[in-house]
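All remarks here apply to the structure that follows.
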Amino acid sequence: MKSLMTLWKSLAMEAARVCGTSTTRDIQTVTRRVEHEGLSFLTITLTNFGKDFEKSLDQGFVDRNLFLGFQRKGCLPRLLSGFTGLVFDPGSGVLLHTPSVEAIRVVRQLTLMFGKMHLECSSERTSAAIRGYVQCEKDVRESDARLSAHDKADFHRVSRLLFQKVFTEMDRKVYYGEILPKHGPGATADAKHGNAKYRHNTWPARLDQWFPAGDYILPNHRFVDELDPVHDLEPGAEIPVKVITVPKTLKTPRIIGVEPTAMQYAQQGVLTVVLDALERDDFLSRVIGFDDQTPNQRLARQGSLHGDLATLDLSEASDRVSNEHVLLLCKDHPHLSGAVQACRSRKARVPGHGVIRLAKFASMGSALCFPFEAMVFTTLVFLGIERELSTSLDRKTLYRLRDQVRIYGDDILVPVDFVSSVVHTLESFGARVNANKSFWTGKFRESCGKEYYAGEDVSIVRVREMLPTRPSNAAEVISTVSLRNQLYMAGYWQTVRWLDEQLSGILKQFPTVLPSSPVLGRHSFLGFETHRSDKHLHSPLVKGWKVSARPPSDPLDGPAALTKCLLLMERRSARRKQTDLSGINPGRPATLDISPTVGVSHLERYGRPKTVRINLGWHSPV
């Protein structure tokens, strides 16, 4: 923690020189509070300060209900007053006519930089998060009960207008059995990892109608005898989703639902069909994003500059999407709906609460969670727009709005003129808009990791891990090298020099390389350094550390190995065919890259590496 405090002091002093102010008292205050409150002051209390600062930017003045827990100097908090006084009038607390954009960036950097460190929460906070998960289930059921027949009819009508074409294509592929299943890289509820997932010993009976076991877990029907040990699980005997927590911030953990192997296998197959259809649609590909955040970021900048677009963020977004919403979404497409419902887990095992029945469509961890969440939110956004317009939407109106509405998960952009109706519609269907991270009044906007004020980028560099003390702290070393290079690009060069000293003392070899180099090294606008040349290729080499993450030993043979190889071949073949069709819509990608990343020895080693190491050697600096 001492090193984190030194990092903060260095940034504060460097920022003070840039903005022409002093941080001597600020450093004393932060040092004293960290000594009394510990790491939570940096990761939670200071982060709350930053969020209140953003809220003040949005509303145009400093509210008395904000910055609680911090002493005031006039209308502004004493902490960082040298910077906030360049943004707000100290006497009235009102936003200045031309606030300092640099001061805005600095306040955000100094207060929010530790807010998303990957740290374990206390047991009390973890238990509170689990209770919140269970309470969310109750909220979803209550929300479903409140939906009127009129609301359901409106939702279905707008979803049909948006998705009729792509759902018809998906429905046809399900009907003709064109779904290619795939195993994901993560853990499963039945504790299978890597290649072991291809050895199926259970298959839920619900899957059989849409994903017959003989077709999906055998290479061909010559191996039908292999089905004998596979158990058909009736709905009551199905393996429930395993609810776990993973580190997110010191304030709260992230809650994940780990799916059973068979369910995840089928979900991945449906996912490919869904993403491909959405990506190939000219309208929906410009409204819904899955792998490219830059359109959201570009629109957020536009909204901050012109004030015409709002950025909305939803709390517990995945957990508040009801299965009722998805049933309405797919109502006219029985084969797609049947396949989606067949591979949806209905129950979850929650620590301290036993097995509960799920009203939500899926927890984060399901392969179908993200795309169906996005489609539900897209439907609700356009329903809110329709209600504001007081007239039914048509294709002409949709196309007029396609460059003003954008949904990437729970990051939503909509025209400011419709924001009140959209927020009301989202919340009437059970979603919860996060007021602290939604902006539409002032000139501040935030979406997909980028923040802007009046069109200027005020994004920050975040600290993700504790700073390392030895080379064996591989994760911390990798993260800190990334932090150093991001701070360099952001212009905090004095702080970068301090980090260089720390990393050079730990690694001994810390050369200057290009961002494309595999070496953990310094990035510089001046290029790269070289220590010697490769005697065969005559290319430059440097001595430095390289990340090594070897898949665990996991041999696979027999019919399961043949099934895996045939699936890889079929998916690559499908990808080539779709790429060949890309000329139908020049300038747009034909589909997402659906080919699994596997090495030539994937039948011997496969899965997520259990450990990450860094090894010293001679490598290219470019």
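The values are calculated or read from the model by the stated rules, or taken from the named source; none is laboratory data. Bear in mind the structure is a predicted one, so any value in this text is a computation, not a measurement. When we count neighbours, we look across all protein chains shown, and the Cβ atoms used for this are built from the backbone with ideal geometry, even at glycine.
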Please work out which one of (1) under 31 Å from the mean Cα position of the chain (by Cα); (2) in a loop (DSSP other than H, G, I, E, B) is the condition SER10 fails and give its number. (2)
Residues in region 319-334 that are surrounded by 19 or more Cβ atoms within 10 Å (Cβ to Cβ) and closer than 17 Å to VAL274 by Cβ: how many? 8
Out of ARG146, ARG108, ARG160, ARG131, sole residue that is modelled with pLDDT of 95 or more and surrounded by 18 or more Cβ atoms within 10 Å (Cβ to Cβ): ARG108
Might you let me know whether region 538-549 holds any residue that is of a type outside the set (D, E, K, R), in a helix (DSSP H, G or I) and more than 29 Å from the chain's Cα centre (by Cα)? no
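One line per residue, one yes/no per condition, for (1) free of Cβ contacts under 8 Å to residues at least 40 places away in the same chain; (2) part of a helix (DSSP H, G or I); (3) closer than 30 Å to PRO253 by Cβ; (4) among the aromatic types (Phe, Trp, Tyr):
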{"position": "ASP291", "(1), (2), (3), (4)": "no, no, yes, no"}
{"position": "GLU316", "(1), (2), (3), (4)": "no, no, yes, no"}
{"position": "LEU328", "(1), (2), (3), (4)": "no, yes, no, no"}
{"position": "LEU336", "(1), (2), (3), (4)": "no, yes, no, no"}
{"position": "ALA339", "(1), (2), (3), (4)": "no, yes, no, no"}
{"position": "PHE370", "(1), (2), (3), (4)": "no, yes, yes, yes"}
{"position": "LEU383", "(1), (2), (3), (4)": "no, yes, no, no"}
{"position": "GLU388", "(1), (2), (3), (4)": "yes, yes, no, no"}
Filter region 208-265 down to the residues that are part of a loop (DSSP other than H, G, I, E, B) and among the acidic types (Asp, Glu), then identify the one that is modelled with the highest pLDDT. GLU259
Mind listing just one residue for me: the one in region 393-413 that is more than 24 Å from VAL321 (Cα to Cα) and acidic (Asp, Glu) and, of those, surrounded by the most Cβ atoms within 10 Å (Cβ to Cβ)? ASP403
Exactly one of GLY50, GLY69, GLY60 is in contact with a Ser or Thr (Cβ under 9 Å, 6 or more places away or on another chain), touching a residue at least 24 places away in the same chain (Cβ under 8 Å), surrounded by fewer than 15 Cβ atoms within 10 Å (Cβ to Cβ) and closer than 30 Å to GLY307 by Cβ, and that residue is GLY60
Here are some residues: LEU86, LEU80. Which one is farther than 25 Å from THR43 by Cβ and either touching a Ser or Thr at 6+ places or on another chain (Cβ under 8 Å) or loosely packed, with under 15 Cβ neighbours inside 10 Å (or both)? LEU86
A careful count of residues in region 518-543 that are closer than 16 Å to SER479 by Cα and crowded, with 18+ Cβ neighbours inside 10 Å gives 5
Quick one: how many residues across region 240-278 are β-branched (Val, Ile, Thr) and touching a strand residue (DSSP E or B) at 6+ places or on another chain (Cβ under 7 Å)? 8
With surrounded by fewer than 24 Cβ atoms within 10 Å (Cβ to Cβ) and either closer than 30 Å to ALA189 by Cα or out of contact with any strand residue (DSSP E or B) (no Cβ under 8 Å at 6 or more places or on another chain) (or both) as the only criterion, which of SER345, SER390 stands out? SER390
How many residues, within region 445-477, are in contact with an Asp or Glu (Cβ under 8 Å, 6 or more places away or on another chain) and among the hydrophobic types (A, V, I, L, M, F, W, C)? 6
Just the residues that are on the phi < 0 side of the Ramachandran plot, buried (at least 18 other Cβ atoms within 10 Å of the Cβ) and in a loop (DSSP other than H, G, I, E, B), please, taken from region 439-463. TRP440, GLY442, LYS443, VAL458, ILE460, VAL461, VAL463
